[in-house]
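A.B. asks: My structure is below; once you've seen it, I'll send some questions.
The values are calculated or read from the model by the stated rules, or taken from the named source; none is laboratory data. Since the structure is predicted, the reported quantities are computational estimates derived from the model, not experimental observations. Neighbour counts are summed over all protein chains in view; Cβ atoms, including those assigned to glycine, are modelled from backbone coordinates with ideal geometry. The accessibility values were calculated without ligands, DNA or RNA, using every heavy atom of the protein model including side chains. Shrake-Rupley method; radii C 1.70, N 1.55, O 1.52, S 1.80 Å.
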Amino acid sequence: MTTRPHLVIRPSILYFGTPVVLLTTENADGTCNLAPISSAWALGQRLVLGLGSESHTARNLAERPELVINVASPELWEHVERLAPLTGADPVPEAKRPVYRHERDKFAAAGLTPAAADLVRPPRVAECALQLEARACALTPGGAGLFVTVECEVLRVHAAQRVVVPGTQHIDPAAWSPLIYNFRHYHGLAPEVGHGFRSETARTSV
């Protein structure tokens, strides 16, 4: 294999292919907030989220730790993009004013449907094939106060029947693809290129 020289660069963002999730949290008045993020990863039954410290979601979780982590799929990218310039904060934080505007009903603005959760107060996003009810158990400031890392305990997973291997508890990787945020462009997964030795589902590549 021939290798080519690498360049030393300073990209403005490092979203090198991360999944998009829609977070629902509870506002102080009992209504819900809906926000897209692309800094989320899993470790066992815990999820870690990265949020801007001035975000409405971060403030909600500091006071009311229940949430639903709704994992978006590629066909939802336009709904996600409608949410991107919106904030539940009113007034809009000064640093966000050049780009964001306040929206009280984000479900309606995005064309998405709330569905009742089983164990937490914020609703699920009905259109998302994977919905994880969770509770924030630790919020840790970082980045000189610019962001908050949120550790979440997953309490219940809802999966659309079409993405579950029949008769099992496993997601079918041939039927499921997350929406990927790739340097501020939206992508889905490409076809499988290999089968991990710890996989508990069948090989999907030809």
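A.B. asks: Restricted to segment 93-111, and to residues that are open to solvent by 60 Å² or more (accessible area, probe 1.4 Å) and in a helix (DSSP H, G or I), which residue is nearest to residue 53 (Cα to Cα)?
C.D. replies: By that ranking, first place goes to 95.
A.B. asks: Moving on to the next point. Just wondering, is there one or more residues in segment 67-77 that are of a type in the set (D, E, K, R) and touching a residue at least 24 places away in the same chain (Cβ under 8 Å)?
C.D. replies: no
A.B. asks: Of all residues in segment 88-117, which are in contact (Cβ under 8 Å) with a residue 40 or more places away in the chain and either on the phi > 0 side of the Ramachandran plot or in contact with a His (Cβ under 9 Å, 6 or more places away or on another chain) (or both)?
C.D. replies: Hits for segment 88-117 are 88, 110, 112, 117.
A.B. asks: Now, a different point. For segment 157-166, which positions are in contact (Cβ under 8 Å) with a residue 24 or more places away in the chain and surrounded by fewer than 14 Cβ atoms within 10 Å (Cβ to Cβ)?
C.D. replies: 162
A.B. asks: Of the numbered conditions (1) among the polar types (S, T, N, Q); (2) at pLDDT 95 or above; (3) not in a strand (DSSP E or B), residue 33 satisfies every one except a single condition; which is it?
C.D. replies: For residue 33, the exception is condition (3).
A.B. asks: While we're on this one: Which residues, taken from segment 1-30, are more than 22 Å from residue 124 (Cβ to Cβ), small (Gly, Ala, Ser) and assigned to a loop (DSSP other than H, G, I, E, B)?
C.D. replies: 12
A.B. asks: OK, next. So in segment 25-43, with the set limited to residues that are hydroxyl-bearing (Ser, Thr, Tyr) and under 10 Å from the mean Cα position of the chain (by Cα), which one is surrounded by the most Cβ atoms within 10 Å (Cβ to Cβ)?
C.D. replies: Only one residue tops the list, namely 38.
A.B. asks: If I ask for residues that are open to solvent by 40 Å² or more (accessible area, probe 1.4 Å) and among the hydrophobic types (A, V, I, L, M, F, W, C), which ones from segment 44-73 would you list?
C.D. replies: Scanning segment 44-73 gives a single hit, 62.
A.B. asks: Name the residue, out of 178, 114, 123, that is under 18 Å from residue 31 (Cα atoms) and open to solvent by less than 40 Å² (accessible area, probe 1.4 Å).
C.D. replies: 123
A.B. asks: Can you confirm whether segment 78-92 contains a residue that is closer than 16 Å to residue 151 by Cα, modelled with pLDDT of 95 or more, within 15 Å of the chain's Cα centre (by Cα) and open to solvent by less than 50 Å² (accessible area, probe 1.4 Å)?
C.D. replies: The answer is no, given that none of the residues of segment 78-92 is closer than 16 Å to residue 151 by Cα, modelled with pLDDT of 95 or more, within 15 Å of the chain's Cα centre (by Cα) and open to solvent by less than 50 Å² (accessible area, probe 1.4 Å).
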